[in-house]
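A quick write-up on the structure given underneath.
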Amino acid sequence: MSKEELVAKRKELMDAINETENELEAIKKDKNATLGQLRVLQNKLADRQKLIVNINDEIGDIDNTIQQSSKDIVGLKQKLDQLKIRYAQSIRYAYETRSSYDMLAFLFSSSSFNDAMRRMKYLKKFRDYRKGQVEQIHQAQNQLQHKIQTLNEQKAQKDELLNTQVQQKQKLMVETDQTNKVIQELKGQEGELMKEAEKNRRIAARVNKAINDVIQREMAKAAKEAEEEEKRKLAAAAKAAGAVNPAKPGKTEEKEPTLARVEPRPKTPRAEAPTLFLTPTDVTLANSFEENRGKLYWPVEKGYITDHFGTHPHPLAPKVMIENAGIDIQTTPNATVKAVFEGTVSSVINMEGIKIVMIQHGNYFTVYNNLSSASVSKGQHIGTNQPIGIVAENDEGEPTIKFQIWKSSGKKGTTKLNPELWLGKPR
């Protein structure tokens with residue numbers, strides 16, 4: 001990374017840590033130790049470690065710059081000394097030969113007018129040469145002073161970063177102790193937490209099945225609409241062809257050729273059959289969604305990720321694996337949930353009092369799970385960043401949205417995608 005990128009990364013990590021600390025303070029005021037608090041602490045520890053690594057990289061970059069600046073200063077000093085020696089030599093030479101090369105005598109001793117002009121040019125060139133030497137000396141002195149000032153600033157930056165590094169390491173030790181303390185407090189609740197984890201696993205399986213069913217239904221519907229649109233195009237083309245070449249009088253056609261063009265395709269699957277059948281509008285929307293990978297809006301205004309995508313060990317039981325089809329984002333109470341991209345609401349699921357909104361973007365689907373209320377309905381077109389509901393609390397009383405991204409590949413099935421790779425920076 002460049003120096004500017006490292007500085008920007010350090011600022012980003014510091015902002016994330018400060019926001020996490022504020023949320024952690026709010027949790028401490030209202031509750032005893034919870035898994036949510038543990039996850040927040042672990043996230044803060046991870047960010048702190050990244051920050052220390054980033055600071056180390058900055059220090060390494062400054063060390064390289066200091067080393068190069070030191071070399072430049074040595075080179076400039078040598079250059080300045082050489083310039084001073086040459087200038088002294090030219091002054092000494094002019095002084096020693098001042099009687100022989102008096103300007104008037106030198107000019108009047110010319111043999112001709114042309115010779116006098118040549119001697120005039122020589123004297124002017126010699127004078128300009130000495131003047132140029134003075135300018136080069138001044139320029140080299142200014143460059144040397146600037147380099148020395150820059151070097152001092154770089155050393156000051158390094159000292160500041162070293163102090164910051166020491167402070168961050170001290171905070172890391174304190175936060176590690178806090179995390180271990182929370183783990184010890186939660187150890188007594190391990191049995192209950194395992195039961196809760198198993199319950200959440202069953203609920204997640206039901207939710208995933210419901211999501212997959214909706215996707216299959218919507219993609220089948222899209223395929224049917226695309227096929228009907230293709231038939232309409234073929235019928236229109238056949239009609240246009242018939243208008244250009246009308247039948248001759250006196251001849252009766254037993255069967256119009258256009259009918260053969262619009263007969264349904266055989267249901268027997270073929271190897272060359274497409275695995276995905278979308279209308280042109282759906283294809284355009286899907287392509288636009290793909291182009292915004294890494295730039296999508298967050299589903300909430302403020303928040304941080306408390307549980308990441310994929311399979312990972314339980315915070316208290318490393319041998320127990322937890323699978324998350326998306327990410328969990330903890331936010332502020334009653335936060336407004338917004339669509340990350342334009343699309344059409346494919347379903348609003350009500351499961352055990354919790355709302356789940358699904359929005360279709362071609363063959364992509366975004367899922368907004370754990371809403372207390374939904375302000376949209378099935379079939380409604382949604383714009384980017386449009387409110388769709390209010391976030392609900394999880395089992396630990398923390399306002400959390402479970403956000404997922406799915407992709408349908410037609411007959412090849414569906415794929416869960418990592419939302420962290422699709423979302424941009426928080427707003």
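What the table below lists for this structure:
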item: Computed over region 300-427: relative contact order in percent, which uses C-alpha pairs under 8 Å that are six or more apart; result: 26
item: Point-to-point label distance, ILE73-GLU153, nm (Cα→Cβ direction, 7 Å offset); result: 1.5
item: In range of the label at GLU323: residues from region 408-427 whose backbone nitrogen is under 17 Å from the point 7 Å along Cα→Cβ; result: 413-419
item: For region 220-234, Karplus couplings with θ = phi - 60° (6.51, -1.76, 1.60), whole Hz, Gly/Pro x; result: 5, 5, 5, 5, 5, 5, 5, 5, 5, 5, 5, 4, 5, 5, 5
item: Which of HIS312, HIS146 is most accessible, then next, and so on - probe 1.4 Å; result: HIS146, HIS312
item: Where labels lie 7 Å past Cα in the beta-carbon direction, separation of GLU160 and ILE183 in nm; result: 3.6
item: Descending semi-axes in whole angstrom, ellipsoid equivalent of region 272-427, from the Cα gyration tensor; result: 26, 19, 15
item: Rounded FRET efficiency, nearest 0.05, which uses the C-beta distance separating GLN42 from SER409 and R0 of 35 Å; result: 0.50
item: Whole-Hz couplings from phi, Karplus 6.51/-1.76/1.60, listed for region 62-77; x for Gly and Pro; result: 5, 4, 5, 5, 4, 4, 5, 5, 4, 5, 4, 5, 4, x, 5, 5
item: Rounded to whole Hz, the Karplus (6.51, -1.76, 1.60) HN-Hα couplings of region 370-382, x for glycine and proline; result: 6, 9, 7, 8, 10, 9, 10, 9, 4, x, 7, 7, 10
item: Loop-located GluC sites (Glu not before Pro) in region 286-356, at most 15 other Cβ atoms within 10 Å (DSSP); result: GLU301, GLU352
item: Interchain or long-range residues, amide H under 5 Å from ILE382's placed H; result: GLY343, THR344, VAL345
item: Rh (Kirkwood; distinct C-alpha pairs) - region 113-202, Å; result: 20.9
item: Simple spin-label estimate for PHE113 and GLU228 in nanometres, 7 Å along Cα-Cβ; result: 10.4
item: Within the accessible area of region 284-427 (1.4 Å probe), percent carbon and sulfur; result: 49
item: Heavy atoms of LYS378: accessible area, 1.4 Å probe, square angstrom to 10; result: 120
item: Area of THR281 that stays accessible when all protein chains are in place (1.4 Å probe, Å², to 10); result: 110
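The values are calculated or read from the model by the stated rules, or taken from the named source; none is laboratory data. Because the structure is a prediction, the values reported are computed rather than measured. Cβ: placed from backbone, ideal geometry, glycine included. Neighbour counts: every protein chain shown. Heads up: the accessible areas ignore ligands, DNA and RNA and are worked out on the full protein's heavy atoms, side chains in. Shrake-Rupley method; radii C 1.70, N 1.55, O 1.52, S 1.80 Å.
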